[in-house]
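Notes to accompany the following structure.
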Amino acid sequence: MSKQVSTARQRIIIKKLLNCSASFKEIKDSLNYETELQDCDFKISRSTFIRDIEDISKVYNMKIPKFK
């Protein structure tokens, strides 16, 4: 997976979590929706999601609220 896709996916996750807390399913649904809108595959597994959350915390120096 390209770094661009990974970064774009992380931004979608950030946008979703900044609005309110969300479950993995809700975030995954948002990513699937964005996959349909854009010409990128944002579909992820739970392990990729957890890795993205860790990367977001480190790279963007953000506190990520607990997800359901």
Practice item. Using Cα pairs closer than 8 Å and at least 6 residues apart in sequence, work out the relative contact order for the range 12-68, in percent. Key: 42
Review point. Candidates (1) 77, 17, 8; (2) 29, 22, 20; (3) 58, 35, 19; which is the computed Cα extents along the principal axes in Å?
Key: (2)
Practice item. Towards the positive end of the charge dipole of the chain, with charges on Cβ (+1 Lys, Arg; -1 Asp, Glu), say which of Asn19, Ser57, Thr35 has the farthest Cα. Key: Ser57
Point to revise | Two-site label geometry, Glu54 and Leu18: point separation in nm, points 7 Å out along Cα→Cβ | key: 2.5
Review point. Near the amide H of Ala22, under 5 Å away, which other amide H atoms are found, from residues 5 or more places off or on another chain, if H is placed in the peptide plane?
Key: Lys68
Point to revise | Per residue solvent-accessible surface (Å²) - the chain, probe of 1.4 Å | key: 70
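Mind putting a number on the dipole of the range 17-68 about its Cα centre? Charges go on the C-beta only, +1 for Lys and Arg and -1 for Asp and Glu, and I need it in Debye to the nearest 20.
Values: 9 positive and 9 negative charges, 87 e Å.
Charge dipole, the range 17-68, about its Cα centre: 420 debye, nearest 20.
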Point to revise | Accessible area of the chain belonging to carbon and sulfur atoms, whole % at 1.4 Å probe | key: 51
Point to revise | Above-threshold pairs, the threshold being 18 Å between Cα atoms, out of Lys15/Lys63; Lys16/Lys43; Lys25/Lys63; Lys3/Lys63 | key: Lys25/Lys63; Lys3/Lys63
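The values are calculated or read from the model by the stated rules, or taken from the named source; none is laboratory data. Bear in mind the structure is a predicted one, so any value in this text is a computation, not a measurement. Every residue, glycine as well, gets a Cβ built from its backbone with ideal geometry; the counts of neighbours run over all protein chains shown. In case anyone asks, the SASA skips ligands and DNA or RNA and just uses the protein heavy atoms, side chains included. Shrake-Rupley method; radii C 1.70, N 1.55, O 1.52, S 1.80 Å.
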